[in-house]
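Right, one structure below, let's go through it.
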Amino acid sequence: MREVDIEPLDPARLDPLIGPERAERFAGATEAARRALDGRRVVNVNSTSAGGGVAEMLQTTLAYARGAGVDARWLVMEGDEEFFATTKRIHNGLYGEPGDYGALGVAETRHYESVQRANAEALAPTIAAGEFVILHDPQTAGLVEAVRAAGARVVWRCHVGCDIENEWTDRAWKFLRPYVESADAFVFSRAEFAPSWVPRERTHVIPPSLDPFSAKNQPMSPRAVRTLLSQVGLLDGVEALAPASFVRRDGSFGVVARYADVLENGPAPAAGAPVVLQASRWDRVKDMAGVMTGFAEHVDPALGAHLLLTGPAVYGVADDPEAAEVLIECMQVWASLPHERRHRIHLSCIPMVDPDEAAAVVNALQRHASIVVQKSLAEGFGLTVTEGMWKARPVIASAVGGIVDQIQHGEHGLLVQDPHDLATFGAYVEQLLTDADLAVEMGRHGRARVVDEFLADRHLAQYGRLLQSIDR
């Protein structure tokens with residue numbers, strides 16, 4: 001186990017966005033939570049500190065919690081390649097997908113439990129009776145009993161899920177159930193993700209949120225966007241007069257110093273060319289290959305648009321062993337495209353050495369994009385959708401999982417009802433590329449929805465009420 005440093009952030013900086021009445025309600029909720037906790041710590045445990053939505057969300061929400069006077073901590077568990085291969089298999093199963101079709105049998109169970117025992121031995125001495133521990137996702141499920149044995153209250157938070165049950169969801173839940181069913185509470189992004197055996201009175205629905213001031217979401221001028229993207233090799237024809245900079249989570253300034261790794265057949269998109277962007281992990285359920293095929297086959301080249309598929313460098317996400325495989329598969333699909341289509345499609349990997357720097361690059365990409373896409377086959381929530389909406393970009397996404405809780409079709413974006421329907425996906429891209437007024441209107445409505453529903457005050461207030469409800 002290792003602890004991640006968290007610099008406190010004053011929640012009051014949200015006040016200009018949420019308004020005085022909502023700010024007052026949030027202040028009351030945090031004061032009630034502080035009194036109820038009475039100095040006791042809230043310890044979060046997950047499996048990586050960088051490279052995905054869970055890590056990004058923990059960094060910001062825990063920073064606000066600390067700024068509000070809550071002693072919130074973040075620990076990252078350890079695991080080996082075999083362990084993460086098993087948990088990725090479970091992760092895919094919870095999405096209703098087969099993943100690598102690998103086993104979840106006796107051997108996998110034994111190894112999973114051996115890794116959990118080692119982590120439990122490291123975790124138990126660090127927590128005290130009466131404290132609260134929030135365990136995130138399948139990687140941490142085997143720690144529930146160790147936390148309970150230490151006398152702490154335990155919440156298991158599952159960030160992934162599927163609205164329907166099939167053989168893969170059944171298999172994944174069968175594996176997880178013995179480890180998690182004794183948790184004091186369960187948290188899901190939507191009610192439909194909770195399996196039938198979880199007691200309703202212990203089930204809590206808490207959608208994620210974003211931090212509008214983080215390196216990934218902070219304001220950037222159009223000139224700064226173009227400068228940064230040119231500097232890292234993702235935009236052509238822009239002269240960078242000075243190194244691109246950004247504000248780190250601790251308030252200090254950072255400078256973009258690393259290039260993106262780009263696979264392309266020709267120059268990067270010109271500054272004035274329309275860009276369709278999907279930025280997500282290299283994960284099969286994100287369907288990067290399907291986005292690429294749909295764009296190549298169903299978007300008129302005469303529109304002059306480019307597709308940019310961007311994900312973290314595959315060595316930068318410790319708990320995702322399939323990332324390299326998925327990237328290679330995407331490269332193979334790209335290489336098989338005819339030349340005249342391939343030169344409009346660009347694959348890029350963002351270095352994760354400095355998470356804030358990587359976040360700043362994604363911020364610039366989302367702000368530069370004409371359209372933000374998230375055509376997932378399954379999705380727990382889809383923070384990349386929230387991020388695109390925050391930047392007032394029109395979003396095209398699949399009508400799966402938590403995405404449908406964010407986008408009302410035709411108002412905040414366009415939803416592809418069948419993620420495999422590439423013709424409809426292409427038609428939606430063409431619609432937004434050719435109807436500028438519609439694109440602007442959807443972007444404006446999307447940003448307003450993020451302010452209303454997906455900022456940290458709502459998120460933290462819900463967790464405060466949850467912890468108070470299980471305190472006994």
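The values are calculated or read from the model by the stated rules, or taken from the named source; none is laboratory data. This structure is a prediction, so every number in the text was calculated from the model and none was measured. Every residue, glycine among them, receives a Cβ derived from its backbone with ideal geometry; neighbour counts consider all protein chains shown.
Before moving on, here are some points about what is shown:
- Scanning segment 351-361 for residues that are in a helix (DSSP H, G or I) and more than 13 Å from the chain's Cα centre (by Cα), we see that the one that is modelled with the lowest pLDDT is P355.
- Residues of segment 102-112 satisfying the condition of being in a helix (DSSP H, G or I) and surrounded by 13 or more Cβ atoms within 10 Å (Cβ to Cβ): E108, T109, H111, Y112
- Residue match in segment 166-179 (condition: at pLDDT 95 or above, within 19 Å of M1 (Cβ to Cβ) and assigned to a helix (DSSP H, G or I)): yes
- Verdict on L307 being outside any helix (DSSP H, G or I), over 19 Å from the mean Cα position of the chain (by Cα), surrounded by 21 or more Cβ atoms within 10 Å (Cβ to Cβ) and not polar (S, T, N, Q): yes
- For the residues A122, A68, the requirement of being of a type in the set (G, A, S) and buried (at least 20 other Cβ atoms within 10 Å of the Cβ) singles out A68.
- Qualifying residue in segment 295-302 (condition: outside any helix (DSSP H, G or I), touching a strand residue (DSSP E or B) at 6+ places or on another chain (Cβ under 8 Å) and not assigned by TED's automatic domain parsing to the domain that holds K88): yes
- Complete set of residues in segment 366-388 that are under 16 Å from the mean Cα position of the chain (by Cα) and closer than 25 Å to G254 by Cα: Q366, L383, T384, T386, E387, G388
- Annotation: W197 fulfils all but one of (1) modelled with pLDDT of 95 or more; (2) under 19 Å from the mean Cα position of the chain (by Cα); (3) of a type in the set (F, W, Y); the unmet one is (2).
- Picking from residues in segment 125-153 that are over 23 Å from the mean Cα position of the chain (by Cα) and in a strand (DSSP E or B), the one that is surrounded by the fewest Cβ atoms within 10 Å (Cβ to Cβ) is R153.
- Residue list for segment 315-332, restricted to those being buried (at least 18 other Cβ atoms within 10 Å of the Cβ) and either over 14 Å from A50 (Cβ atoms) or modelled with pLDDT of 95 or more (or both): P321, E322, V326, L327, C330
- Of the residues screened, L347 is one that is in contact (Cβ under 8 Å) with a residue 60 or more places away in the chain and outside any helix (DSSP H, G or I).
- Residue in segment 187-200 that is among the basic types (K, R) and in a helix (DSSP H, G or I) present: yes
- Scoring N217 on the criteria (1) modelled with pLDDT of 95 or more; (2) within 20 Å of the chain's Cα centre (by Cα); (3) assigned by TED's automatic domain parsing to the domain that holds A461 leaves a single failure, condition (3).
- First in segment 432-455 and in the same structural domain as G410 (by TED's automatic domain parsing) and within 27 Å of V205 (Cα to Cα), second anywhere and surrounded by fewer than 18 Cβ atoms within 10 Å (Cβ to Cβ) and of a type in the set (D, E), Cβ under 6 Å, 6 or more apart: H445/E411
- Yes/no for A364 being out of contact with any strand residue (DSSP E or B) (no Cβ under 8 Å at 6 or more places or on another chain), assigned to a helix (DSSP H, G or I) and crowded, with 24+ Cβ neighbours inside 10 Å: yes
- A359 vs. criteria more than 23 Å from G446 (Cα to Cα) and not assigned by TED's automatic domain parsing to the domain that holds G99: no
- Looking across segment 389-419, just one residue is touching a Pro at 6+ places or on another chain (Cβ under 8 Å), more than 23 Å from T169 (Cα to Cα) and among the small types (G, A, S), and that is G413.
- Residue, farthest from F253 (Cα to Cα), within segment 187-219, restricted to residues that are of a type in the set (A, V, I, L, M, F, W, C) and buried (at least 21 other Cβ atoms within 10 Å of the Cβ): F193
- Boolean, G52 is small (G, A, S), buried (at least 16 other Cβ atoms within 10 Å of the Cβ), touching a residue at least 60 places away in the same chain (Cβ under 8 Å) and more than 16 Å from Q462 (Cα to Cα): yes
- Residue count for segment 154-172 under the criterion of being buried (at least 19 other Cβ atoms within 10 Å of the Cβ) and more than 30 Å from A129 (Cβ to Cβ): the result is 6.
- Of all residues in segment 415-429, exactly one satisfies the criterion of being surrounded by fewer than 15 Cβ atoms within 10 Å (Cβ to Cβ) and among the charged types (D, E, K, R), namely D418.
- Looking only at segment 272-285, and only at residues there that are in contact with a strand residue (DSSP E or B) (Cβ under 7 Å, 6 or more places away or on another chain) and farther than 19 Å from A392 by Cα, the one that is surrounded by the most Cβ atoms within 10 Å (Cβ to Cβ): W282
- Residues being surrounded by fewer than 17 Cβ atoms within 10 Å (Cβ to Cβ) and without any contact (Cβ under 8 Å) to a residue 12 or more places away in the chain are represented in segment 36-47 by at least one member.
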